[in-house]
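The values are calculated or read from the model by the stated rules, or taken from the named source; none is laboratory data. Values in this document were obtained by computation on a predicted structure and should not be read as measured data. Backbone-built Cβ (ideal geometry, glycine too); neighbour counts: all protein chains shown.
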Amino acid sequence: MPKEAQITENNSPDLTEALDTPMMRQYLEIKAKFPDSILFFRMGDFYEMFLEDAKIASSILDIALTKRQNSVPMCGIPFHSKDGYISKLLSAGKKIAVCEQSRPEDGNTKLMTRDVVRIITPGTVIEEHLLSGFQNNYLCAIVPKAALIFVGMADVSTGEVLHFAVPISKTEVLESELVKFKPSEICIFSKDLEKIRTWQNFAERQFTVLDESKLGADPAKDPFHIVTRCLEYYIRENYRDGTLTLREPRILQTGSYLEMDRETILNLELIENEKDDKGHTLFSVLNFCSTAKGKRVLKQRILFPETDPAILKSRWEKQDIIKKIPLAQLIQALRDLGDLERILGRFRGNKPYPRDFKTILSSIETLDSIQAILSPLGYPITKPEKLDSLKDYIEDRIHTDELPVILGNGKFLKDGFDPSLDKAREAGSKGADWILALETEEKKKTGLSTLKIKYNKIVGYFIEISRVQAEQAPKEYLKKQTLVTSERFTTSRLEEIERTILEADEIIQKVERIEFEKMVQTVLEYSPELLIVSEEFGDLDFQISLLKAEESFGWKRAELSEDSSLEMKSSRHPVVEASLPVGIKFTPNDVNLDSQENAVAILTGPNMAGKSTFMRQIALNQILFQIGASVAAEKARLPILDRLFTRIGAGDNLNAGESTFYVEMKETANILKNCTPQSLLLFDEVGRGTSTYDGMSIAWAILECLSEMHPRPKTVFATHYHELTELSRLPGVWNIHMETVEKDDKVIFLRRVKPGKAKKSFGIYVAQLAGVPDSVVKRASEILTDMESRKKEIRIQTREPSLFQELPTPGSDGQFWQDFKKEIIDLPIESMTPLEALRLLDDWKKKISSRGN
């Protein structure tokens, strides 16, 4: 028995009786089919929710929870304002099954026919007002197989589908991809649920669990086919009319973009910052886009920087052409565009708006004007020839004035398109004159000053007279309705005029509805061509946005490094610099890294001196370079990297029982296992989460490991362990530091990076700045002096032969050394004179010299 039906078994007789009515039995039958959804049960002008649904929804929506027949929990919302309530439920991760009503075919029953027409879920939304602006809204499908995990990402609102696969042994890679796409909903098969729950950081995730058997047999050999079928099945389940379809999938090939793990994406604050704020991110700094598509392209390219030099050179060539004309001219043209991808998505999902046709027409016209500007300059922008016929088709039909948001709320088709439509419109316009003339005539005939002829959708046309004058109404007036302050009447003549007007309205609605639906289907036939236009506009908007950033912030285009070296002169942090107050300048720094002698830079310096900022600016400028943007530097020569890793900041994962240090070591292990000679590694304070010697030992070993790689990955290793600077004697390792000046017992942070090692960390000075009591600061200084006097030198591991032989083992010469050791231990040092000690040293010297080596 369904869960909602079971409520009758364990509850009061009153509740059982209240549920045993035709309408509630109908509700329980429908609800049993959608147990995981909030059922919006249409009753007149309201959507009602009952039982457990009502309790959940009333809490989320902050609406009154009442009872039907004093027993059945219920709440309701007006049908015409459902969108705001649906948005709140979606944000809470709920699904909504929309159940509509219609008149029964059997005229003998009073119970309305009801059926679920749509299931609205977080990942299948296409309605403009339910989406988060320009952002993609991905529905994800995960299908693990023996060796690989196959993944599909579908943005139902645009029709875009992306496929990729990751090794089943590297679920952390899958987690990184989920951070990039941020899917609103993840679908998996029930047979895979237990396995997926065992993956790291997947135990607490919410999944939509599907029954694979309902998909039927899979004849295809393409391993991604099952992912596509999973997505399409779920969409068919939610769009009950079966109209919504997806575009052909595109496969993301590993190695075709700069790989960044979850921690790197979050540490560098590419799209969102740690406060979940959209500001002060690389995206916010670059976002000069004028279109929704351009913003989606920008976001995707930041998260997936290119590794193909040919693609970067193509983008630079486009930018060079665009620079030849004023950017404002193109920006103004792009601002008039709509979101063609989303429009086509609504058309496929049977949610079109009349104004969408005007947007499509405007987009084609804008393409013509932009093509006329750019094509003579050699910019590769194309316009599918078929779009001219679509433009003519739309122009021949739609009204030239502003189109209504909803069909029927204004003129959609132009005058002269259909004779019957013109005739009906004439009747409708004259009908208003007829009503006004009749009102004037009746007022004059009756002498009733309060008489007015009005209209509403429930009563229709009526004569309204105040209660005071209603008694004087003529006998031929037929009463329709009594209100507190007035009476409503009709007459045979008013009814005749009403029939004529309403018949005209029916004709207008019928003709426009039929043609509207035809036009939607016709436009869908041009989907491939319109999507080409959308891509052209998105790419152009992206290129212009990069040029606007270059112009606004004084960035320069970097050269492509052929020898894999990474060089920047006067580089800056692109996000920090953009957010500085007027008059404050960012302190620039040079960067020089290669895969040979200057591969691993050990960065030392005080807290607050700018070490983390310096490392992040290297990474962000490299990302800018690999999306085709200019970089925040006076001059730069940069390589194509395959992977970018950061180990910055401290954080735990208490839900998984992982301490801060354990998380730090996991991230470090991931970097060391997966880095290549073409990678950039940024380590910040590795080892600080444990004891000093433990942490320093780990950091030391990591640096030795990086030194031994050939070629070496480009690395910046920030640390407060000054002992590590001794490792500059290793191949490929060198020291850089944040420059400071001590003056009058104060420390000035110059924010400049210089070769060599820092003298101090100035941690105690920073503690003083932060307001730590003077007594604590003074004592800390005393302890520091004492501890620094006890430092021991650590032996550097090398693969070269030792300059000294190991002491021999016991036997032969070994006995000599054992005796020598015993003699030293037994010396009565306290009773020896200086002269005796000197004689003894001379004796030992002769003994050792006589043994040769």
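Values computed for the structure shown
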read-out: The stretch 167-197: number of residues that are free of Cβ contacts under 8 Å to residues at least 24 places away in the same chain and either of a type outside the set (A, V, I, L, M, F, W, C) or surrounded by 18 or more Cβ atoms within 10 Å (Cβ to Cβ) (or both); value: 7
read-out: Within the stretch 775-793, considering residues that are at pLDDT 75 or above and among the charged types (D, E, K, R), the one farthest from Tyr765 (Cα to Cα); value: Asp786
read-out: Selection from the stretch 246-266 of residues that are out of contact with any Asp or Glu (no Cβ under 8 Å at 6 or more places or on another chain) and polar (S, T, N, Q); value: Gln253, Thr254, Thr264
read-out: Residue satisfying all of: in the stretch 667-702; of a type in the set (Asp, Glu) and under 30 Å from Glu306 (Cβ atoms); surrounded by the most Cβ atoms within 10 Å (Cβ to Cβ) among these; value: Glu667
read-out: Those residues of the stretch 748-763 which are of a type outside the set (Phe, Trp, Tyr) and surrounded by fewer than 20 Cβ atoms within 10 Å (Cβ to Cβ), in sequence order; value: Ile748, Leu750, Arg751, Arg752, Lys754, Pro755, Gly756, Lys757, Lys759, Lys760, Ser761, Gly763
read-out: Selection from the stretch 60-73 of residues that are free of Cβ contacts under 8 Å to residues at least 40 places away in the same chain and among the small types (Gly, Ala, Ser); value: Ala64
read-out: Residue list for the stretch 407-434, restricted to those being at pLDDT 85 or above, in a loop (DSSP other than H, G, I, E, B) and not basic (Lys, Arg); value: Leu407, Gly410, Phe412, Asp415, Gly416, Phe417, Asp418
read-out: Top-ranked residue in the stretch 739-791 [being out of contact with any strand residue (DSSP E or B) (no Cβ under 8 Å at 6 or more places or on another chain) and of a type in the set (Ser, Thr, Tyr); ranked as farthest from Glu685 (Cα to Cα)]; value: Ser775
read-out: Strands (runs of 3 or more DSSP E) enclosed by the stretch 692-770 - at least 3 residues per element that are out of contact with any helix residue (DSSP H, G or I) (no Cβ under 8 Å at 6 or more places or on another chain); value: 733-743, 746-755
read-out: Subset of the stretch 96-153 that is among the polar types (S, T, N, Q) and over 17 Å from the mean Cα position of the chain (by Cα) - its residue that is farthest from Cys187 (Cα to Cα); value: Asn108
read-out: Selected residue (criterion: modelled with the lowest pLDDT) from residues of the stretch 509-564 that are hydroxyl-bearing (Ser, Thr, Tyr) and part of a loop (DSSP other than H, G, I, E, B); value: Ser564
read-out: Among the candidates Arg346, Arg296, Arg342, Arg315, residue that is in a helix (DSSP H, G or I) and in contact with a Pro (Cβ under 6 Å, 6 or more places away or on another chain); value: Arg346
read-out: Any pair with Cβ under 6 angstrom, 6 or more apart, that starts in the stretch 582-593 at a residue that is farther than 15 Å from Glu739 by Cα and ends at one that is surrounded by 17 or more Cβ atoms within 10 Å (Cβ to Cβ) and of a type in the set (Phe, Trp, Tyr); value: none
read-out: Failed item, numbered, when Met696 is tested on (1) of a type in the set (A, V, I, L, M); (2) modelled with pLDDT under 90; (3) within 34 Å of the chain's Cα centre (by Cα); value: (3)
read-out: Filter pass, Glu597 being under 27 Å from Val766 (Cβ atoms) and charged (D, E, K, R); value: no
read-out: Condition broken by Phe489, with the remaining ones in (1) of a type outside the set (Asp, Glu); (2) part of a helix (DSSP H, G or I); (3) under 30 Å from Lys430 (Cβ atoms) satisfied; value: (2)
read-out: Complete set of residues in the stretch 693-707 that are in contact (Cβ under 8 Å) with a residue 12 or more places away in the chain and over 22 Å from Ala619 (Cβ atoms); value: Gly695, Met696, Ile698, Trp700, Glu704
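Results for (1) free of Cβ contacts under 8 Å to residues at least 60 places away in the same chain; (2) part of a helix (DSSP H, G or I); (3) crowded, with 17+ Cβ neighbours inside 10 Å, shown as yes or no for each residue.
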position: Ser58; (1), (2), (3): yes, yes, yes
position: Cys75; (1), (2), (3): yes, no, yes
position: Ser81; (1), (2), (3): yes, yes, no
position: Lys94; (1), (2), (3): yes, no, yes
position: Ala97; (1), (2), (3): no, no, yes
position: Pro104; (1), (2), (3): yes, no, no
position: Arg114; (1), (2), (3): no, no, yes
position: Val125; (1), (2), (3): yes, no, yes
position: Gly133; (1), (2), (3): no, no, no
